[in-house]
Amino acid sequence: MELRDLALSVREMPDRSYGWVILEGTGEKGVFATYSLLESATRTYASYADALVAGLSALRGLGGRDGPRGVGAVMR
C-alpha cells in the first residue's frame, strides 16, 4: 500500500477557541508542498491541547492497524 501525505493542524479561532484540520498532500511537484482539506472539526475546543487530542483521534480513525494507508486518496 502507498503512503499518504497527511498533516494535522490546530488553528486558533477569532474567539480564542480552537479547531483542527487534517490536510492531505496533493502530490503536485513544486518548491512547496500543496495540501487540500481532507477533514475538519465540527465543533470548537476550549484549549489547544483538547483540539490536538480530538484531531489526533480523527487522524487515527482514518485507518486500521496500519494507519490510513489504502483508505481514500493516496499520494502518487
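The values are calculated or read from the model by the stated rules, or taken from the named source; none is laboratory data. Quick caveat, the model's predicted, so the values are computed rather than measured. Here Cβ is always computed from backbone atoms with ideal geometry, including for glycine, and neighbour counts include all displayed protein chains.
The table for this structure:
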| item | result |
| --- | --- |
| Some residue of the stretch 1-18 being among the polar types (S, T, N, Q), within 13 Å of the chain's Cα centre (by Cα), at pLDDT 95 or above and not in a loop (DSSP other than H, G, I, E, B) | yes |
| Residue count for the stretch 19-45, restricted to those that are in contact (Cβ under 8 Å) with a residue 24 or more places away in the chain and either under 15 Å from residue 60 (Cα atoms) or not in a loop (DSSP other than H, G, I, E, B) (or both) | 9 |
| Those residues of the stretch 29-49 which are surrounded by 10 or more Cβ atoms within 10 Å (Cβ to Cβ) and among the aliphatic types (A, V, I, L, M), in sequence order | 33, 38, 41, 46, 49 |
| Residue pairs meeting the criteria (Cβ under 8 Å; at least 6 apart or on separate chains; first over 12 Å from residue 52 (Cα atoms), in the stretch 1-13; second among the polar types (S, T, N, Q) and modelled with pLDDT of 95 or more) | 13/44 |
| Any hit, the stretch 50-69, residues being at pLDDT 90 or above, assigned to a loop (DSSP other than H, G, I, E, B) and surrounded by fewer than 17 Cβ atoms within 10 Å (Cβ to Cβ) | no |
